[in-house]
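Readers should treat all values here as calculations from the given coordinates under stated rules, not as data from a laboratory. Keep in mind the model is a prediction, meaning the values are calculated, not measured. Virtual Cβ from ideal backbone geometry, glycine too; neighbours counted across all protein chains shown.
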Amino acid sequence: MQLEAQLRLCRSCILCYKSGLQILSRSYAQKKAANYYDLLGVKTDATSDEIKNAFFDKSKKLHPDSDPSNPALHGQFVELNEAYRILSKELSRKEYDFKLHRPYSGGQAFRSTSNHSNYGRPHAQESSRYWEQFRHSQSPKMTEEDRQHQKRRNLQVAMYCVIGMMLGIGVHVVLFKKLNDIHTNFMDEKDRAIMKIYNEAKERARVNGFEKQIEILRQNHDAFQEKLKTMQSGRHK
């Protein structure tokens, strides 16, 4: 039992020794990679195809799925992707080269991206530069003469609006009055026609007398009844 315990202790020491060597080798490789070019293993004047090929080769070796037991591969793979994202685009690569040759003018040339807080920083810088050009291109302040001219123009527009409103109201009033006159004349004409018919009927009744008028009404009633029967018999057929 004592011998078995010693063997287990030796095996644990060997594993710890190997892990320490791996950690030291990875830290040395990270210190050696002073910038994105060194991280990808290419020269500073490398072409886009060379950068792409180097990224594919490195990503196969540093992919987390290649060695699931090694958690440090994730951080290295993230840094590799960040380096390729910067160097694969012409604009971001020029900006990075500028910072690389002038490290005190734009920040550090290479920073660890194992934490995901720096992913959107280049895009934020590009966005700030984009909106900065509009702030610089704004028109200068208006002079007092320009303000007075603008004020006169605003007053003219307001007066034109008021005049247009008054003209619209006047047109509506005239049209309403005209329509009211037409309606009144039509109703007066209709009343005169009805009154004329009434007076003519009244005069005929006076001339014919009461008995004659009754006889005429009966004839008209009989004619109406006969016409009504004819219409009803035609419907039944």
Residue list for segment 74-93, filter: surrounded by fewer than 17 Cβ atoms within 10 Å (Cβ to Cβ) and over 13 Å from Y37 (Cα atoms): H74, K89, E90, L91, S92
What is the residue count in segment 69-102 for residues that are among the hydroxyl-bearing types (S, T, Y) and either in contact with a strand residue (DSSP E or B) (Cβ under 9 Å, 6 or more places away or on another chain) or closer than 14 Å to T47 by Cα (or both)? 2
Search segment 213-237 for residues that are under 16 Å from A201 (Cβ atoms) and pair each with any residue that is of a type in the set (G, A, S) and surrounded by 10 or more Cβ atoms within 10 Å (Cβ to Cβ) when their beta-carbon atoms are under 7 Å apart and the residues are at least 6 apart or on different chains. Q213/A205
